[in-house]
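The values are calculated or read from the model by the stated rules, or taken from the named source; none is laboratory data. Since the structure is predicted, the reported quantities are computational estimates derived from the model, not experimental observations. So basically every Cβ, Gly included, is an ideal-geometry build from the backbone, and we count neighbours across all protein chains shown. Note: accessible area is taken over every heavy atom of the protein model, side chains too, but ligands, DNA and RNA are not part of it. Shrake-Rupley method; radii C 1.70, N 1.55, O 1.52, S 1.80 Å.
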Amino acid sequence: MATGCCGVKRQKVSAPSDRNDRSDRCEKGDRCSHPNHDHRPSTSSGCGDPQRALQPKMNGYHHAYSGGGHGHNSHSGHQNNSNHRIVCAEMCFFCFDVLYRHFHMLNGEPPRVPTFTDAPFPLFVTWKIGKDKRLRGCIGTFTALNLHDGLREYAISSAFKDSRFPPVNKEEISRMSCSVSLLRHFEEARDYEDWEVGVHGIRIEFYNEKGQKKTATYLPEVASEQNWNKEQTIDSLLRKGGYKTPITNDFRKTIRVTRYQSEKISVHFSDYADHFRQNGRV
């Protein structure tokens, strides 16, 4: 099951316990398009810690990794929880290749078979545009998908099916960057405070005022980008998930929290073009 991008920008979070507004705004102030999807851990969006980012190796080429795999109560349903780094620039090149071929009516000639692993992971694909890196689309899944088919599917979905934005058009692609995030190291938290800002993404499950089960998630970098503490992050997620009643500490204690980490890499179109021009592809 797919879910919309989980990042936010400039969202105000103050006096969390008595807020009555719905804090479901995503990156660059855009409203989250899928606040109510029920992503169950058994079917398992993600960004690395900015402070852990490596120096760019190309123009616009950015690595991040959100920590190591420490913790407790790991979900056995999520495989590939070793500390070996999986994400690589070729994954972003592959997403660009899928999008480029779609625009140039080359669907009959599939992208080159990628050399990166085809192991299954939960994943997110994010498109941004311009020098200010405005969000252009972001959709992912907590279901572990084989990467070759999963990245192909979500490269298209995030570019054309994010309901917050009009579909990406051909003229935009040269100004865009692509990020691939792989979600790893899923663990059930002891309580709503059992996670680290800047290290973990969190997914919450709760029951709303009507007794309906709801979920919401933020990828690992969101809380640190917003300078939120744990309580503010939890309260923002509750609003994103559609909880409208004043939030009390007793209610926070009823929330089920799953924490996870991620690997993320970002590549600009110019890097994709340079990479594949050498192979006669662009």
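Just a few scattered comments:
- Residue-normalised accessible area of region 218-282, given per residue in Å² at a 1.4 Å probe: 36
- Under the Karplus curve 6.51 cos²θ - 1.76 cosθ + 1.60, θ = phi - 60°, whole-Hz ³J(HN,Hα) for region 135-148, x wherever Gly or Pro sits: 4, 10, x, 7, 9, x, 8, 8, 7, 6, 10, 4, 5, 4
- In a reduced charge model with +1 at each Lys and Arg Cβ and -1 at each Asp and Glu Cβ, region 183-282 shows a dipole moment near 480 debye about its Cα centre.
- Region 173-282: GluC sites (Glu not before Pro) in DSSP loop, at most 16 other beta carbons within 10 Å: E193, E209
- Long pairs among K210/K240; K128/K244; K213/K240; K133/K244; K210/K230; K213/K264, criterion Cα-Cα beyond 22 Å: K128/K244; K133/K244; K210/K230; K213/K264
- Positive-end residue, region 205-271 charge dipole about Cα centroid, Cβ charges, pick of Q261, P246, S224: P246
- Remark: region 148-192 is approximated by an ellipsoid whose semi-axes, taken from the C-alpha gyration tensor as √(5λ), come to 29, 13, 11 Å, largest first.
- For region 111-154, convex hull volume per residue from C-alpha positions, Å³: 91
- Think of region 134-215 as a dipole: +1 on every Lys or Arg Cβ, -1 on every Asp or Glu Cβ, centred on the Cα centre; then among T141, I204, S157, S157 lies furthest on the positive end.
- Net dipole in debye of region 142-197 [+1 Lys, Arg Cβ; -1 Asp, Glu Cβ; about Cα centre; nearest 20]: 500
- Cβ-based net charge around K230, under 14 Å, with every Lys or Arg adding one and every Asp or Glu removing one: -2
- Computed over protein heavy atoms with a 1.4 angstrom probe, the accessible surface ordering of R239, R85, largest first, is R85, R239.
- Environment charge of P167, counting only residues whose C-beta is closer than 13 Å and scoring Lys/Arg +1, Asp/Glu -1: +1
- The spread of Cα positions in region 148-275, taken along each principal axis and listed from longest to shortest, comes to 54, 29, 28 Å.
- Euclidean distance between Cα centres, region 172-194 to region 230-282, Å: 5
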